[in-house]
Amino acid sequence: MSARHDVPRHDVLRREALRHDALARLHALRTVDLAQLNATAELQTRVDRKYLLPASALPAVLAALPQGSEVLEIGGEQALRYASQYYDTPDLDSYFGAARGRRRRFKVRARTYVDSGGSFLEVKTRGGRSATVKERVPVEGDVLDGDAVAYAVDLLSDAGIPGAADLAARLEPVLVTRYRRATLLLPATADGDASRATIDLDLAWVGADGRTLTLPASVIVETKSGQRAGALDRTLWRHGHRPASLSKYGTGMAALHPALPSHKWRRSLTRHFAAGTITPPVASPITSAA
């Protein structure tokens, strides 16, 4: 992994070219608005599968999408800006729970929809049969006020997380992720129901010390379905891409802090994050505003 003080212009141009090539296929798809998307495939209890692949491999995958695939468009944009601020305790209980595969684990973040507006506090807990159960509530900015902490306590307690009240009271901002996201709605097929998928690019992580990690040549594809794999999963498999053990929070923290245990994500870190660029602070650290 390289460390630079400035991002060279040729890297910026390369990132723009990769983004253009990766998303060019989306413009041929029929568009849907957010209300249509949510009405068709609202999946808050779901199975998530994540894939980390070169941006250069994405056009071939998108070209093979089944007929009837649609892309979310808001304000004329199909690749919308997102920012997520992750919270953890000073002891990194959330991180170690994920890194060590604890059965009862959690993740707390404030996600901001930069282009469409709105911020939500999200609490994710581990459910049964590899399902992710996520609950969220609107928040103002990234500050965890008393109501937000109480909300987190309730959800962590309901999930059986030991010491929920103490954990929630000690949460503090530790990492920000920024990226552009395209959201797909995939039609039902003979072997699967309608599903959703997201494609994240322009990937960046900002640590509490203000250092920034960027991965301009990689994209994260995440599929969201019921218990059966969706159409995009099967398309990715046909092109030789398999699900990866990946957490934006976990891998970002591990890449910025190599001393942390990270065996669970070693393959992703070695294949993709090692090619990333880390730059020193240029502004006030830990803010999800884009």
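The values are calculated or read from the model by the stated rules, or taken from the named source; none is laboratory data. Small disclaimer: the values here were computed from a predicted structure and weren't measured. Positions of Cβ are generated from backbone atoms using ideal geometry, with glycine treated the same way; all protein chains shown enter the neighbour counts. Remember, those area values only see protein heavy atoms, side chains included, never the ligands or the DNA or RNA. Shrake-Rupley method; radii C 1.70, N 1.55, O 1.52, S 1.80 Å.
Report Rg/Rh for the chain, rounded to two decimals, where Rg is the Cα radius of gyration and Rh the Kirkwood radius.
Reported Rg/Rh, Kirkwood definition of Rh: 0.94.
Under 1.5 on a/c is rounded, so check that first for segment 152-225, then, if it is not, pick prolate when a/b is larger than b/c and oblate when it is not; a ≥ b ≥ c are the square roots of the alpha carbon gyration tensor eigenvalues.
Cα axes put segment 152-225 in the oblate bin.
Expressed as a whole number of Å, what is the distance separating the alpha-carbon centroids of segment 149-184 and segment 243-261?
So the separation of the two Cα centres works out to 17 Å.
Can you sort Arg103, Arg126, Arg25, Arg181 by 1.4 Å-probe accessible area, starting with the largest?
Arg103, Arg25, Arg126, Arg181
Once you put a point 7 Å from the Cα of Ser56 and another 7 Å from the Cα of Asp154, both along the Cβ direction, what distance in nm separates them?
Modelled inter-label distance: 5.1 nm.
7 Å from Cα along Cα→Cβ at both Asp209 and Ala275: what's the point-to-point distance in nm?
Result: 2.6 nm between the two label points.
Determine which residues of segment 138-181 fall in the zone a paramagnetic label at Leu92 would reach in this model, i.e. backbone nitrogen under 15 Å from the point 7 Å along Cα→Cβ.
Zone members listed by number: 172-176.
What's the long-distance tail for segment 97-237, i.e. % of Cα pairs beyond 25 Å? Please list the in-between numbers first.
Numbers: 3949 of 9870 pairs.
That fraction is 40 percent.
Using the crude model of +1 on Lys and Arg Cβ and -1 on Asp and Glu Cβ, and no other charge, please compute the dipole size for the chain relative to its Cα centre, in debye to 20.
Charge dipole, the chain, about its Cα centre: 1340 debye, nearest 20.
Could you list the residues of segment 169-186 with an amide nitrogen less than 20 Å from a label point located 7 Å from the Cα of Asp21 in the Cα-to-C-beta direction?
180-182
Given axes a ≥ b ≥ c from the Cα gyration tensor, I'd like to know whether segment 182-290 is rounded (a/c under 1.5), prolate (a/b larger than b/c) or oblate. Could you put the intermediate results ahead of the total?
On the way: a/c = 2.69, a/b = 1.94, b/c = 1.39.
Since a/c reaches 1.5 and a/b is larger than b/c, the shape of segment 182-290 is classed as prolate.
For the chain, what relative contact order do you get, as a whole percent, if you take Cα pairs closer than 8 Å and at least 6 residues apart?
Details: 593 pairs, mean separation 74.9, N = 290.
26 percent.
Mind checking which of Leu155, Leu184, Leu34 has the largest fluctuation in a GNM of the chain, springs on alpha carbons under 10 Å?
Of Leu155, Leu184, Leu34, the Gaussian network model singles out Leu34 as fluctuating most.
At 1.4 Å probe size, with no ligands or nucleic acids counted, give the accessible surface of Leu171 in Å², nearest ten.
Ignoring ligands and nucleic acids, Leu171 comes out at about 30 Å².
Within segment 163-273, what whole-number % of the accessible surface is contributed by carbon and sulfur, with the 1.4 Å probe and all protein chains included in the calculation?
Summing carbon and sulfur atoms, their accessible area is 53 percent of the total for segment 163-273.
So what is the accessible area of segment 33-109 per residue, in Å², with the probe set to 1.4 Å?
That works out to 43 Å² per residue.
May I ask you to derive the FRET efficiency for Arg267 and Tyr113 from their Cβ-Cβ distance with R0 = 25 Å, giving the value to the nearest 0.05? The partial results should precede the final answer.
Details: r = 31 Å, r/R0 = 1.23.
It comes out at approximately 0.20.
So if each residue of separation counts as 0.36 nm, and I subtract the Cα-Cα distance between Asp147 and Val282, what length gain in nm does that give? Walk me through the numbers before you get to the answer.
Numbers: separation 135, 0.36 × 135 = 48.60 nm, distance 3.25 nm.
That pair, Asp147 and Val282, stretches by 45.4 nm at full extension.
With point charges of +1 on the Cβ of Lys and Arg and -1 on the Cβ of Asp and Glu, referenced to the Cα centre of segment 96-209, which listed residue (Thr177, Ala164, Ala98) lies farthest in the positive direction of the dipole?
Value computed over the given set: Ala98.
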